[in-house]
1. Roughly how compact is the chain, stated as its Cα Rg over 2.2 N^0.38 Å to two decimals?
2. Among the aspartates and glutamates, which have Cα under 16 Å from the Cα of Lys84 when same-chain residues fewer than 8 positions away are ignored?
3. How far is the Cα center of region 1-54 from the Cα center of region 62-89, in Å?
4. Quick one: angle between helix 69-82 and the longest Cα principal axis of the chain, in degrees between 0 and 90, rounded to 10, please.
5. Between Ile43 and Met1, how high is the FRET efficiency from 1/(1 + (r/R0)^6) when r is the Cβ-Cβ distance and R₀ = 25 Å? Nearest 0.05.
6. Full extension from Ser11 to Arg68: what is 0.36 nm times the residue separation minus their Cα-Cα distance, to one decimal in nm?
7. In straight Cα distance, which lysines are under 17 Å from Lys26, not counting same-chain residues fewer than 8 positions off?
8. Picking from Arg75, Arg37, Arg50, which is most flexible by a Gaussian network model of the chain using Cα springs under 10 Å?
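Read-outs throughout are calculated quantities, based only on the coordinates presented, and are distinct from any laboratory measurement. Note that this is a predicted model, so its numbers are computed, not measured. No Cβ is skipped: glycine too gets one built from the backbone with ideal geometry, and neighbour counts run over all protein chains shown.
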Amino acid sequence: MPLDFAANAASLGAWSKRVRTGEELKSALAEARQQTRTSVIVIETAFEVRVPGYESWWDVPIAEVSERDSVRAARKKYDEARKKERYFF
């Protein structure tokens, strides 16, 4: 069942914007930063469409506090990898 997420967010009092291009997204992000309330930017995607393999890193945080050495080592590696993240918008 199709949902209109932008209209739903607006009905709950949020500022909302639907975008389709990178330029529209950049503009919407600038507008959202000026808002004094919750902002929702909706980007429609095709569930069936997949991207081919690529070199990337998913930002999935590791616990900041742990008694296990393996978890502390993984967190240290995660913190170093975050320094290499690139932001496109």
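1. Details: Rg = 18.2 Å, N = 89, 2.2 N^0.38 = 12.1 Å.
Cα-based Rg divided by the globular estimate yields 1.50.
2. Here the aspartates and glutamates satisfying the reach criterion relative to Lys84 are Glu55, Asp59.
3. Going from one Cα centre to the other spans 29 Å.
4. 50
5. Values: r = 19 Å, r/R0 = 0.77.
Calculated transfer efficiency: 0.85.
6. Working: separation 57, 0.36 × 57 = 20.52 nm, distance 4.60 nm.
Separation in residues times 0.36 nm, less the Cα-Cα distance, equals 15.9 nm.
7. Qualifying lysines at Cα under 17 Å: Lys17.
8. Sorting by GNM fluctuation, first place goes to Arg50.
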